[in-house]
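Colleague: Take a look at this one; I'll ask things after.
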Amino acid sequence: MTFFDERSKDMLSLSEMFKTYYNELFYYGLKLGASDELVKDTIQDLFVFIAEKNSFKEEVRNIKAYLIVSLRRQLLKNLKKQRSLWSNEVAEDCVFDFSSEDFLISKESNAEMSEQLSLCFRKLSSRQREVILLRFYHEIEIVDIANIMEMNVQSTRNLLFRALEKIRSIIKKTDNANWDNIDLMFFLFTVLNSNRKKE
């Protein structure tokens, strides 16, 4: 059984797809606030579902985006069920927490910058953190992020813009000269993408 990814122009078998995207899906699931075991089980269920259907439900332009949106929907359902067993109140917001380790490129990286960036992210809303993660870590295009987050494209662009502006405004208040002349979008792509490739 093979699947065509129009975005990368690749034909992938189900096992290749699992190996290619497992780490990214697992990382994303953890950022949603799910436990290791729940994320692993949900990813496995997702691939079993695809295997049993023998195809995708609809024509897929971007396999990674399809897998992430499917994982997100199922994980949020599972988390709601789990939380409703513990409490009458079900959290509507995702966690999407970041630590300074998420922003380390190498041992030589500036630890202070990493910590400052982590603090910036804590001041963002969960949805702002999610849009940053999808755009700069997973390298997903805005149109696909809109689908994943169940928003229209313009609202998604606005969300990303506001998140970046908030990070910039917080960084401006720091005394760290290393931030001078840094292209924030390029920096986020470099740092988060570097961490993705190390996993």
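Colleague: Inspect segment 23-46 for any residue being more than 19 Å from the chain's Cα centre (by Cα), at pLDDT 90 or above and surrounded by fewer than 16 Cβ atoms within 10 Å (Cβ to Cβ) and give the result as yes or no.
Modeller: Taking segment 23-46 as the starting set, the residues that turn out to be more than 19 Å from the chain's Cα centre (by Cα) are 45.
This time we only want the ones that are at pLDDT 90 or above, so: 45.
Subset that is surrounded by fewer than 16 Cβ atoms within 10 Å (Cβ to Cβ): 45.
Among the residues of segment 23-46, at least one is more than 19 Å from the chain's Cα centre (by Cα), at pLDDT 90 or above and surrounded by fewer than 16 Cβ atoms within 10 Å (Cβ to Cβ), which makes the answer yes.
Colleague: Right, something else. Which fully enclosed helices (runs of 4 or more DSSP H) of segment 107-177 have 3 or more residues being in contact with a Phe, Trp or Tyr (Cβ under 7 Å, 6 or more places away or on another chain) and surrounded by fewer than 16 Cβ atoms within 10 Å (Cβ to Cβ)?
Modeller: Details: elements: 111-122, 126-132, 142-149, 153-172.
Hits in segment 107-177: none.
Colleague: Out of segment 15-37, which residues are within 19 Å of E139 (Cβ to Cβ) and assigned to a loop (DSSP other than H, G, I, E, B)?
Modeller: Of everything in segment 15-37, just one residue is within 19 Å of E139 (Cβ to Cβ) and assigned to a loop (DSSP other than H, G, I, E, B), namely L32.
The values are calculated or read from the model by the stated rules, or taken from the named source; none is laboratory data. Since this is a predicted model, take the numbers as computed values, not measurements. Counting neighbours? That spans all protein chains shown, and the Cβs are built from the backbone with ideal geometry, glycine included.
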